[in-house]
Amino acid sequence: MERAEAYGFSGAMSGAFLLSCLLFAAVSRRQRGPYMDEVFHVPQAQAYCHGRFLQWDPMITTLPGLYLLSVGVVKPAAWLLGWTGSVVCSVGMLRFINLLFSSGNFYLLYLLLFKIHQKNKAVSGFERILSALTLAVFPTLYFFTFLYYTDPGSVFFTLFSYLMCLYGNHKTSALLGFCGFMFRQTNIVWTVFCAGNVVAEKLNEAWKIELQKKKDEKISSRKGSFSDLTRILQFLVEYLLSPKNLVTLTALTWPYIILVSLFFVFVFINGGIVVGDRSSHEACLHFPQLFYFLSFTVFFSLPHLLTPTKIRKFLLSLQKHPVQYSIVTVISLFLIWKFTYVHKYLLADNRHYTFYVWRKVFQRHELVKYLLVPFYIFAGWSFADTLKSKSIFWILVYFVCLLAVTVPQKLLEFRYFILPFLIYRLNIPFLSLYRQLLELAFYVLVNAVTFYLFLNRTFQWENSDEVQRFMW
């Protein structure tokens, strides 16, 4: 990092932290007590603060990583600063932990952008800082910076694990992956993703050698005809069935293999991936979750996905491959018909935006969910088109992990899309400076509207005196 870039990054990070502190104060003044899931998280953390480590709220479905780390930060800070009484492990103090995680995420996003795009010499330091700032204020993640939720910490340890993986520190990466798992069990998928990165890199190296041996064959490692794809799949099977290659890959990924093995032991002993209340978190094959994620991605990528050039390119692709798109359309319609699930929380909780998305869009008519298929196909094409700079093996690993982290979820919840979106966004080519500025402005606008609604547009339920607020 050059000196000017270092100064610029320090200034951006300090400014973002200051503004976040001001917003944090506003949120804490308006919502002093625990809200939504904080009703479970805050008392649990406070029980740990008082040394009651065997106490557990059965309504909590995640492991105690957030509470253990909170105690590890707050208790020493209270001792050093002489804090006593209710201020220690208060709601505000616990929420402040996530503000620290938010700053850490800003730094990690910058380092990841630097590492992933280090070969692109055309990217300036200002553009890296701007992109890191934009992703740091990504609306769905940024909102939960100001509440005591698991999301900021979950993202922090997963991004840190990914960064260490890219630098080849796989034991450290697996250890950080374990920390991410302790915040949210589904983060084990991103441990698999890190291992998959190593495998994809080796596969890509071997594939390039394969291409050199067959120079007369026009085969691309990134895109091509159906016969090219068949050749790649044949190569993939042959490579992974080779004992020598398997030994090499095992030697490289053993820390991740150990962690994933421990995960399966946990699932066996626990009787499932969820701890605590399992009645509302049943796994199922909810394939339309992939379509919802693609729609979510298009919405938060409006400045660079919904452009006239992109739309023209998509229409040309439709004309060129009508049979393939017809097959995809039929499969999509079938998946929506047979595998659409509606969680009871989605229909009952009018505090979440997903409640209004479902009511205003999907519940307007039974046919709406089918009529959206052309948009889903455009979203999927746009998504794949922006990742074409990555190798086919990396894309395969990412897509498998994306399916694993979204499809089993019965509840439509935007928080589940944060990590797959960030990893996608980190790996696409840098946008033009104009589009980066447009994206940042869009995120700031969405955040402004979100916090305005949360702080000022309160309401009450008929059977409750508590103030209710809109949120992600």
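Couple of notes before you dig in:
- Per-pair calculated FRET efficiency, R0 = 60 Å: V73 and K214 via Cβ, rounded to 0.05: 0.60
- Simple rule: put +1 on each Lys or Arg Cβ and -1 on each Asp or Glu Cβ in the chain, find the dipole, and look at L396, A25, Q319; the Cα lying farthest toward the positive end is Q319.
- Distant alpha-carbon pairs in the chain (separation over 36 angstrom), percent: 32 percent
- Crossing angle, helix 392-406 versus the chain [Cα axis fit, 0-90 degrees, rounded to tens]: 40 degrees
- Linear extension gain, F266 paired with Y356, 0.36 nm per residue minus alpha-carbon span: 28.7 nm
- Figure legend: label point modelled 7 angstrom from the Cα of V467 along Cα→Cβ; residues of segment 1-42 with amide N under 20 Å from it are 21-40, 42.
- Over segment 283-431, the Kirkwood radius and the radius of gyration, each from Cα atoms, give a ratio Rg/Rh of 0.95.
- Carbon/sulfur fraction of accessible area - the chain, other protein chains in place, 1.4 Å, %: 67 percent
- A Förster radius of 25 Å combined with the Cβ-Cβ distance from L453 to Q363 puts the calculated FRET efficiency at roughly 0.70.
- In nm, spacing of pseudo-spin labels at T172 and Y341 (7 Å Cα→C-beta vector): 3.9 nm
- Protection proxy ranking, peptides 77-83, 383-389, average beta carbon neighbours within 10 Å, highest first: 383-389, 77-83
- For the chain, the solvent-accessible area of protein heavy atoms averages 49 Å² per residue (probe radius 1.4 Å; ligands and nucleic acids excluded).
- Residues L440, L233, ordered by accessible area of protein heavy atoms at a 1.4 angstrom probe radius and largest first, appear as L233, L440.
- Rounded to the nearest 20 debye, the dipole magnitude of segment 89-240 is 300 debye, with +1 charges on Lys and Arg beta carbons, -1 on Asp and Glu beta carbons, and the Cα centre as origin.
- Inter-centroid distance (Cα atoms) of segment 431-472 relative to segment 46-77, Å: 29 Å
- Label-point separation in nm, L403 to A348, each point 7 Å along Cα→Cβ: 3.2 nm
- For the chain: relative contact order, % (alpha-carbon pairs under 8 angstrom, 6 or more apart): 19 percent
- The long axis of helix 91-116 is offset from the longest Cα principal axis of the chain by roughly 20 degrees.
- For the residue pairs K119/K202; K121/K320; K313/K344; K202/K310; K244/K320; K213/K310, the C-alpha atoms sit more than 30 angstrom apart in K121/K320; K313/K344; K202/K310; K244/K320; K213/K310.
- Cys with no candidate disulfide partner in the chain (beta-carbon separation under 4.7 Å rule): C21, C179, C284, C401
- Mean separation of Cα contacts under 8 Å, 6 or more apart, over the residue count of segment 45-119: relative contact order %: 28 percent
- FRET efficiency, 1/(1 + (r/R0)^6) with R0 35 Å, evaluated for S14 and Y325 via beta carbons: 0.10
- Computed over the chain, the per-residue total of -39500 (n - 2.57) for DSSP H runs of n ≥ 4 gives a 222 nm mean residue ellipticity of -22500 deg cm²/dmol, rounded to 500.
- Mean shadow area of segment 18-142, taken as a quarter of the surface of its Cα convex hull (nm²): 9.8 nm²
- Dipole check for segment 283-431: with +1 at the C-beta of Lys and Arg, -1 at the C-beta of Asp and Glu, and the Cα centre as origin, the magnitude is about 180 Debye.
- Listed peptides 63-76, 421-434 by packing density, highest first (mean Cβ within 10 Å): 63-76, 421-434
- List L141, L316, ordered by accessible area with a 1.4 Å probe, largest first: L316, L141
- Cα-derived Rg to Rh of segment 348-472, Kirkwood definition: 1.02
The values are calculated or read from the model by the stated rules, or taken from the named source; none is laboratory data. Nothing here was measured: the structure is a model prediction, and the numbers come from that model. Cβ: placed from backbone, ideal geometry, glycine included. Neighbour counts: every protein chain shown. Just so you know, the surface numbers come from the protein's heavy atoms only, side chains and all, with ligands and any DNA or RNA stripped out. Shrake-Rupley method; radii C 1.70, N 1.55, O 1.52, S 1.80 Å.
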